[in-house]
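This report concerns only the one structure given below.
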Amino acid sequence: MKLKKILFLFASIAVVLFSSCKSETEVNGISLDEASLSVAVNDTANLVATILPKGADGTITWTSSNPAVATVNNGEVIGISIGSANVVASVGTFTATCVVTVTKEVLDFSASLKGSEYYPIVLDGITATTLGAKIKADFRPDELTKFLYIWENTFTAGTTAGPNFYGEVEAWTSLVVSTVGWSGAGFNVKDGALLDKLAPITANPENYFLHIGIRSKTNAVYVITMEGQSNVKFAIGATAFNDNGTLTQPLTNFERNGEWQEIEIPMSTLKTNGLLYSTGMGEKNIISMLAGGVAGTTLELDAVFIYKK
């Protein structure tokens with residue numbers, strides 16, 4: 001009886017082993033859920049690889065034909081620069097390919113519309129309507145008490161086309177330096193009571209920011225002056241602005257790729273540099289701009305406002 005039990009046990013083990021070997025499924029391919037996809041620079045997309053047939057198992061390896069354009073890590077594709085690359089998933093000798101097209105970066109400026117208080121100087125009507133009661137004082141030109149002045153015809157009007165800073169099909173401020181050898185423009189406010197509403201910002205500048213939407217394809221340096229009880233002047237660019245030997249040092253810069261860029265400067269920084277708002281200031285150029293004296297230089301501004309985050 002013992003011999004029979006042992007023989008039966010060996011036979012059972014053999015059956016289990018044979019059954020286990022027979023249940024293994026050999027890999028015969030791999031597939032991707034996308035044959036092609038598009039991703040923006042600095043954005044991501046995900047690919048899912050499936051080993052074939054169902055139930056087969058193996059280690060998937062991911063590669064990119066052009067890591068300077070797109071990289072891949074365990075199926076997550078990251079756009080690096082504009083162009084195309086083949087992302088390949090492989091298991092053993094089997095491969096599947098997805099053609100990845102990387103497009104220009106999509107910038108999201110919506111965070112700047114989530115503040116609690118707004119003091120617009122340049123802003124389209126649609127966005128202003130969206131902000132509604134968050135607008136505490138509106139400094140946009142109305143040709144009654146608020147104006148955009150061009151100094152001695154030093155700027156001419158530029159052409160606006162396409163979406164503005166917030167993607168709306170509305171005009172923005174576009175100025176082109178003329179041939180007189182210098183330039184200047186300012187947003188003038190004659191309503192002193194309206195300007196008085198800026199005083200609390202100087203009293204408590206924390207969480208308040210000057211927001212500027214700007215774009216350019218050149219390396220032009222611009223000067224911004226903000227007037228209050230005392231003023232502040234700073235350059236936007238890589239170098240100082242030279243105005244007949246008077247240098248204005250840069251406070252910030254932006255990418256010059258022809259696309260809208262966002263500048264945010266803490267009002268505490270501007271206060272430290274000299275800006276002071278108070279009541280009873282009277283008429284002021286709430287903001288004025290220089291763009292040098294090279295004819296044809298453009299100054300493209302949109303979404304210029306002070307706001308509280």
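Tabulated data for the structure shown
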read-out: Residue pairs meeting the criteria (Cβ under 8 Å; at least 6 apart or on separate chains; first charged (D, E, K, R), in segment 169-188; second buried (at least 17 other Cβ atoms within 10 Å of the Cβ)); value: E170/D124; E170/N164
read-out: Cβ-Cβ under 6 Å pairs, at least 6 apart or on other chains, segment 262-286 side within 25 Å of D108 (Cα to Cα), far side outside any loop (DSSP other than H, G, I, E, B); value: I263/I212; I263/T252; E264/F209; E264/H211; I265/L210; P266/F209; M267/I201; M267/Y208
read-out: Tally of residues being exposed (fewer than 15 other Cβ atoms within 10 Å of the Cβ) and either aliphatic (A, V, I, L, M) or not in a loop (DSSP other than H, G, I, E, B) (or both) across segment 30-59; value: 7
read-out: Residue under evaluation L113, criteria (1) closer than 21 Å to W260 by Cα; (2) surrounded by fewer than 19 Cβ atoms within 10 Å (Cβ to Cβ); (3) in contact with a Gly (Cβ under 9 Å, 6 or more places away or on another chain), criterion not met; value: (3)
read-out: Conditions (1) closer than 26 Å to P266 by Cβ; (2) over 21 Å from the mean Cα position of the chain (by Cα); (3) at pLDDT below 95; number of the one not met by V180; value: (1)
read-out: Residues of segment 255-272 satisfying the condition of being assigned to a helix (DSSP H, G or I) and not aliphatic (A, V, I, L, M); value: S268, T269, K271, T272
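The values are calculated or read from the model by the stated rules, or taken from the named source; none is laboratory data. All values reported here derive from a predicted model rather than from experimental measurement. Positions of Cβ are generated from backbone atoms using ideal geometry, with glycine treated the same way; all protein chains shown enter the neighbour counts.
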